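The values are calculated or read from the model by the stated rules, or taken from the named source; none is laboratory data. Bear in mind that the values here come from a model prediction, so they are computed numbers and not experimental data. Methodologically, a virtual Cβ is constructed for each residue, glycine included, from the backbone with ideal geometry; neighbour enumeration extends over all protein chains shown. Heavy atoms of the whole protein, side chains included, go into the accessibility calculation; ligands, DNA and RNA do not. Shrake-Rupley method; radii C 1.70, N 1.55, O 1.52, S 1.80 Å.
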Amino acid sequence: MSTATASPNEITLPKPEGLEGVVAASTALSHVFGEEGRLVYRGYDIHELAGKASFEEVAHLLWIGHLPTKAELAAFQSKLEANRELPPAVIDVLRLLPDDAAPMDALRTGLSALGAIDSEHFDETPDLDEAIAVAARFPGILAAFFRLRSGEQPVKPKAGHNTAQSYLYQLFGKEPEARHWKPLDTYLVLLADHGMNASTFTARVIASTQSDLISALTGAVGALKGPLHGGAPSKVLDMLHAIGDADNVEKWLSNALDNGERLMGFGHRVYKAEDPRAEILREMAETASDPAFFKLSKLTEDKALQMLNERKPGRRLYTNVEFYSAAVLAAVGLPGDMFTPTFAVSRSVGWSAHVLEQVRNNRLIRPQSQFVGPTDKKFSAIESR
Ligand code: ACO
């Protein structure tokens, strides 16, 4: 068993299991079938939904339990639209942030401000209206910060837009083209929920304490930010830029692996086959992204899979959702530092659906730790230590 030691005074701890294989909650929302490489939302395989259902239909499915009828969808879209605009005080808070703040930090701050400013609305028992009210404002918070950091004024959401259109409209201040908002809509469908991932677990733990919805979602944003979870796609872009051209792929990957680095966009805790979202995003990237960039991405993917298989035999490392998210989101016109925040726009639906499920059937989530320290030390006065 490998171990990690921090300093001579630290006790050597066993290699952490990271709760692998532990069932932390029951859910009817989504499930990752890791061995088969399958993802299911409320009974629908992701291939049944991607490119067919809109993000709003999928949000309705996750929050309310079924795919909407036309009338239900129209009412649902109106409700989302009515909740998109940000309170001016939230924009004032975003104005105070430095231009070089990370957009995920701005999202976390904007959400937190929304909870404090509109505290009567977001009381202590999360419900569907709150879930809609918060998720509908994720795009606005990000877009307001995006514009403020480049010296532009935030743009108010426009009636008649779906989430993908509204996000792009609020970011760039002009009518989004179908070649941009349509792939973004499918991307949002693909990322909306994913079983008991780290950020969803975070949200459920917070909700289980009977805290409020915004606290749960703010915590989830913090968990998503890390590169082992949702923070990888901009690093995929950095990797592809650093590789630069086809001749450099093998050398670059080999150096990275020799230095013990992880290749971003590969490996997954649960999938031991290809992530089905990666397969769909690869097809989308082939159509939507710059052909030279797609070619380099594909070459890098093929070589990385070969090398990971050779150097990490038996670990079953495949392409994950983040690898081709980079190409698709870049093709949509987003800069790298907006990739993970855009993931959060989608996952806000899954997170809040999980919070609602948790509060409907709650028991405080409070696991145990294995104590490996001593228990019999005697106090000595500071003079004699
Ligand atoms: N590159 C190189 N080696 C890897 C990678 C990778 N991307 N992923 C796993 N490994 C290796 C580890 O070094 C380890 O090797 P060892 O047995 O020789 O020590 C072995 O595979 C198992 O790794 P763990 O860390 O135990 O795997 P875990 O299930 O905890 O981690 C994770 C999964 C975090 C996604 C990991 O594969 C990784 O770091 N990937 C790169 C970052 C990334 O793409 N993140 C996005 C994930 S998708 C999402 O959350 C939306």
Scanning the range 238-269 residue by residue, those without any contact (Cβ under 8 Å) to a residue 24 or more places away in the chain, within 14 Å of the ligand (Cβ to nearest atom) and among the acidic types (Asp, Glu) turn out to be 258, 261
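Of everything in the range 313-354 that's farther than 24 Å from residue 173 by Cβ, among the hydrophobic types (A, V, I, L, M, F, W, C) and more than 12 Å from the ligand (Cβ to nearest atom), which residue is modelled with the lowest pLDDT? Outline the logic, then answer.
As a first pass, look at the range 313-354 and keep what is farther than 24 Å from residue 173 by Cβ: 313-327, 347, 349-354.
The next check asks that each one be among the hydrophobic types (A, V, I, L, M, F, W, C); those that pass are 317, 321, 323, 326-327, 349, 351, 353.
When the remaining residues are screened for being more than 12 Å from the ligand (Cβ to nearest atom), the result is 327, 349, 351, 353.
Numbers: 327: 94, 349: 98, 351: 98, 353: 98.
It comes out as 327.
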Inside the range 289-312, can you point out the residues that are more than 16 Å from the ligand (Cβ to nearest atom), assigned to a helix (DSSP H, G or I) and open to solvent by 40 Å² or more (accessible area, probe 1.4 Å)?
291, 292, 295, 298, 299
Every residue from the range 46-61 that is open to solvent by less than 20 Å² (accessible area, probe 1.4 Å), out of contact with any Asp or Glu (no Cβ under 6 Å at 6 or more places or on another chain) and not in a loop (DSSP other than H, G, I, E, B)
46, 49, 56, 58, 59, 60, 61
Scan the range 62-91 residue by residue and report those that are charged (D, E, K, R), in contact (Cβ under 8 Å) with a residue 60 or more places away in the chain and open to solvent by 30 Å² or more (accessible area, probe 1.4 Å).
81, 85
Provide a single number: the residues in the range 66-90 that are more than 23 Å from the chain's Cα centre (by Cα) and not in a loop (DSSP other than H, G, I, E, B).
12
Is there a residue in the range 96-107 that is under 16 Å from the mean Cα position of the chain (by Cα), within 16 Å of the ligand (Cβ to nearest atom) and at pLDDT 95 or above?
yes
Note: among 272, 235, just one is within 11 Å of the ligand (Cβ to nearest atom), open to solvent by 40 Å² or more (accessible area, probe 1.4 Å), at pLDDT below 95 and in a helix (DSSP H, G or I), namely 235
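Return the residues of the range 24-44 that are touching a residue at least 40 places away in the same chain (Cβ under 8 Å), under 24 Å from residue 266 (Cα atoms) and of a type outside the set (Phe, Trp, Tyr); say none if nothing qualifies.
Going residue by residue through the range 24-44, those that are touching a residue at least 40 places away in the same chain (Cβ under 8 Å) are 24-32, 34-39, 41.
Of the ones still in play, those that are also under 24 Å from residue 266 (Cα atoms) are 30-32, 34-39, 41.
Residues satisfying the conditions are 30, 31, 32, 34, 35, 36, 37, 38, 39.
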For residue 201, which of the numbered conditions (1) under 29 Å from residue 285 (Cα atoms); (2) hydrophobic (A, V, I, L, M, F, W, C); (3) not in a loop (DSSP other than H, G, I, E, B) fails to hold?
(1)
Looking at the range 185-198, which of its residues are in a helix (DSSP H, G or I), within 16 Å of the ligand (Cβ to nearest atom) and within 12 Å of residue 55 (Cα to Cα)?
187, 188, 189, 190, 191
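Looking at 358, 368, which is the one that is more than 30 Å from residue 258 (Cα to Cα) and not in a helix (DSSP H, G or I)?
Working: 358 fails: not in a helix (DSSP H, G or I).
Of the residues listed, the single one that is more than 30 Å from residue 258 (Cα to Cα) and not in a helix (DSSP H, G or I) is 368.
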